[in-house]
Amino acid sequence: MTAPDVRLGVIGVGHLGRHHARIAAALPGAAFVAAVDVDAGRAAAAVAGSAAAALTDYRELFGRVDAVTVAVPTVDHLAVAREFLQRGVHVLVEKPMTSSLAEADEMLRCADAAGVILAVGHTERFNPAVEEALAVLQGPRFIEIHRLSGFPERSLDIDVVFDVMIHDLDFILSVDGSDVAAVEAVGVPVLTSKIDIANARVKFASGCIANLTASRISRDKVRKIRCFQPDMYVSIDSGAQELEVWRLRRHPDARPVIEGGSVSVPPGEPLHKEIADFVDAIRQRRAPRVPGQAGRRALALATRVADAIAGG
């Protein structure tokens, strides 16, 4: 039997949430019920052209949805998500999943108690170039990442570590499954009272070292990831969805040869793939690709980076 469509609501339709609504309105396997926002005009704009309702109070969704995506400010993630989890509603919450680890643990407890899916919106896991790279990476020893954004396009309720760098912290955690052995970091509040540019050096128990720079005050938009492992170099431009893989081929009776170059990457919108995975996980009764535990691990590492900055 074909699983029924998932009745889906979108809560918070600002800069990012409006794209949640756009995707929900046309997503196979989902029935878009409503967009919710405290700004009635934004809610109305988010459902234009669809049969979904525009609401200003998320409580109006109770009993009407099977699942929700939550894209409200981070400080409100737990309060909103908890009410749905406790009612047996599946939740996809944007990153960072909560404002603190204690809140993350409470959210996980609510999901476990209700037996529902809790997914976290780390979209880079669904970037086609990153997906292709993760398929070939095997124990890199050094990772270098630059994620630079322009100031006007970033939210300011959290600092750059939790807003921008957390994407790459999640990436390195997905590449190296060993414990984090040490973190060194520095950050500067340039244009706001919060950290606007940060650099972190993360050492794993495996010996892998990752060097990450994140900024929301750059003139240029940069999304570059470089991974080095024995006999292989992998370069990812996640913004352009481009991938290069270079390998050293050794031959018994000849000099080693460097082979490789650009790898064909099937195009795709990461956010669309993420929400589609969430809906499919519900319909197939399986775990999402980025479950709550993964979001909690990324938040824990971001917290260590922030603590290292504060202590430095």
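How many residues are surrounded by 12 or more Cβ atoms within 10 Å (Cβ to Cβ) and outside any loop (DSSP other than H, G, I, E, B) if we restrict to region 47-64?
6
When you go through Ile172, Ile195 one by one, which is the residue that is touching a strand residue (DSSP E or B) at 6+ places or on another chain (Cβ under 8 Å), surrounded by 15 or more Cβ atoms within 10 Å (Cβ to Cβ), on the phi < 0 side of the Ramachandran plot and not in a helix (DSSP H, G or I)?
Of Ile172, Ile195, the one residue that is touching a strand residue (DSSP E or B) at 6+ places or on another chain (Cβ under 8 Å), surrounded by 15 or more Cβ atoms within 10 Å (Cβ to Cβ), on the phi < 0 side of the Ramachandran plot and not in a helix (DSSP H, G or I) is Ile195.
Considering only region 34-46, state which residues are of a type in the set (D, E, K, R) and either part of a loop (DSSP other than H, G, I, E, B) or in contact with a Ser or Thr (Cβ under 7 Å, 6 or more places away or on another chain) (or both).
Residues satisfying the conditions are Asp37, Asp39.
What residue, of Ala54, Ala81, is at pLDDT 95 or above and either farther than 22 Å from Leu118 by Cβ or acidic (Asp, Glu) (or both)?
Being at pLDDT 95 or above and either farther than 22 Å from Leu118 by Cβ or acidic (Asp, Glu) (or both) holds for just one of Ala54, Ala81, which is Ala54.
Listed residues Val80, Val93, Val120, Val72; which is assigned to a helix (DSSP H, G or I), touching a residue at least 60 places away in the same chain (Cβ under 8 Å) and not charged (D, E, K, R)?
Val80
Is it true that Asp220 is within 30 Å of Asp112 (Cβ to Cβ) and either in the same structural domain as Ala21 (by TED's automatic domain parsing) or under 22 Å from the mean Cα position of the chain (by Cα) (or both)? Don't jump to the end; show me each part of the working.
Working: within 30 Å of Asp112 (Cβ to Cβ): no; either in the same structural domain as Ala21 (by TED's automatic domain parsing) or under 22 Å from the mean Cα position of the chain (by Cα) (or both): yes.
So Asp220 fails the test.
For region 212-231, does any single residue satisfy the condition of being of a type in the set (Ser, Thr, Tyr), surrounded by 14 or more Cβ atoms within 10 Å (Cβ to Cβ) and free of Cβ contacts under 8 Å to residues at least 12 places away in the same chain?
Going residue by residue through region 212-231, those that are of a type in the set (Ser, Thr, Tyr) are 213, 215, 218.
Imposing the further condition that a residue be surrounded by 14 or more Cβ atoms within 10 Å (Cβ to Cβ) reduces the set to 213, 215, 218.
Among the residues that remain, those that are also free of Cβ contacts under 8 Å to residues at least 12 places away in the same chain are: none.
For region 212-231, residues of a type in the set (Ser, Thr, Tyr), surrounded by 14 or more Cβ atoms within 10 Å (Cβ to Cβ) and free of Cβ contacts under 8 Å to residues at least 12 places away in the same chain: absent.
The values are calculated or read from the model by the stated rules, or taken from the named source; none is laboratory data. None of these values were measured; they are calculated from a predicted model. Positions of Cβ are generated from backbone atoms using ideal geometry, with glycine treated the same way; all protein chains shown enter the neighbour counts.
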